[in-house]
Structure formats: C-alpha cells, structure tokens
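See below for the structure under consideration.
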Amino acid sequence: MPGVRSRITMTTSVAANTRKTPWAWILGTFFGSGLLKPGPGTYGSIAAVLIWRLSAYFLDLTRPQLTILTLVFAILATLAGIPAASRVARESGQKDPQIVVIDEVAGQWIALLFAAPIWKHYVMALVLFRLFDILKPPPVRQLEHLPSGTGIMADDLMAGGYALICFVLIAHFAFPNF
C-alpha cells in the first residue's frame, strides 16, 4: 500500500507547512482552552462561565448591568469568532475543528444572559448549554451546514438560545425570586 502511505504523508506535510494566523488561533481556541483534552468544548464553556463570574464579582454589577455586559461579550465573541473560526478551519484543513471553541464561548454567554451570579444559576446555564450543544436538536444541527465560520458559530448560538429559554423557565419556577 505505498500509495496510501504517500497520501497520508503528503496531507500531513501540507498541514504542517500551513502558516497559522496568531490572532485567529488565539481567539478561535479561546486562549488555548480549546487545546485541552478531553472535551475542548466543555473547557471553552467553563472558561466563558469563569470570565462571566469574575466580571460580575470584580465589577460589582447589578443584574441589568451584568445582562448588558454578557450581551456585549456574546456579540463581540460572535463578531470576532466568525472570521477566527473561518481562518482556523481553513488553516487546519478541517470543516469544524474541535479546537475552535469561541463558538462555545459565545453560546455559553447567550445561555447566561439572564443568570444571577449565584452558583445555582451559572451551573444550570452551563449544563443546559452543554446539553443542547451536544444533542443538537433541530435546527441546531442544520445550522452547521452554513458556510465556514458562520456555520461553526451559528449552531452554538442557537444551542445557547435554547439553553437560555429553558434556563428562564426553570429559574422562574425553581427560584421564585428570579
């Protein structure tokens, strides 16, 4: 099977010679959290929750201020994430590389939009987001078929939207002072 071996070697050498765009790889892997194993998407989500929680703590924000900041985080992650994910996908030679977790970060921040900075809220938002991101109910999976970075980001944004809706419903009934 010499033909198979040469194709594998050629593919590996092409990928190894591809120049990486530093800003895209830093943002796409969300400062390296996407390089952690196993489950890089979960690490990206946890990083988003930690940044959100630390922001709430150190900035001493009211709930409306925290909601606005979270929305700004999600928008910025999405706007930066689409070109970063596109570039990392192209440079890695993969349609949706697992190391790209900026999409999980943006989706997680969507799920946290109306959460209070208490552990029950952010743990529930984290679990709900990961559940919808993994199960990918319609139309989440179909959004993956959008081109390049848009498809990489869109499915996680929708999963974040589903998580947000469920979070609000559960929090409303489970936490009467929501």
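The values are calculated or read from the model by the stated rules, or taken from the named source; none is laboratory data. Just so you know, these numbers come straight off a predicted model, no measurement behind them. As a convention, Cβ positions derive from the backbone with ideal geometry for all residues, glycine included, and neighbour counts pool all protein chains shown. Areas reflect the complete protein model, heavy atoms only, side chains present, ligands, DNA and RNA absent. Shrake-Rupley method; radii C 1.70, N 1.55, O 1.52, S 1.80 Å.
I'm trying to understand the selection: among the residues of segment 37-50, which are assigned to a helix (DSSP H, G or I) and either over 13 Å from the mean Cα position of the chain (by Cα) or basic (Lys, Arg) (or both)?
Hit for segment 37-50 is Leu50, nothing else.
Given (1) open to solvent by 70 Å² or more (accessible area, probe 1.4 Å); (2) in contact with a Phe, Trp or Tyr (Cβ under 8 Å, 6 or more places away or on another chain); (3) under 17 Å from Gly41 (Cα atoms); (4) not basic (Lys, Arg), identify the lone condition not met by Tyr122.
All conditions pass for Tyr122, except number (1).
Among the residues of segment 56-66, write down those that are in a helix (DSSP H, G or I) and surrounded by fewer than 16 Cβ atoms within 10 Å (Cβ to Cβ).
From segment 56-66, those in a helix (DSSP H, G or I) are 56-59, 63-66; that's our starting set.
Result: Tyr57, Phe58, Leu59, Arg63, Pro64, Gln65.
Taking the stated definitions as given, is Gly81 at positive phi and in contact (Cβ under 8 Å) with a residue 24 or more places away in the chain?
Details: at positive phi: no; in contact (Cβ under 8 Å) with a residue 24 or more places away in the chain: yes.
Judged against the criteria, Gly81 is not a match.
Quick one: which residue in Gly39, Gly93, Gly28 is of a type outside the set (A, V, I, L, M), open to solvent by less than 10 Å² (accessible area, probe 1.4 Å) and within 21 Å of Gly151 (Cα to Cα)?
Gly28 is the lone residue from the list that is of a type outside the set (A, V, I, L, M), open to solvent by less than 10 Å² (accessible area, probe 1.4 Å) and within 21 Å of Gly151 (Cα to Cα).
What number of residues within segment 43-83 are farther than 15 Å from Ala125 by Cα and in contact with a Phe, Trp or Tyr (Cβ under 7 Å, 6 or more places away or on another chain)?
Final tally of qualifying residues: 2.
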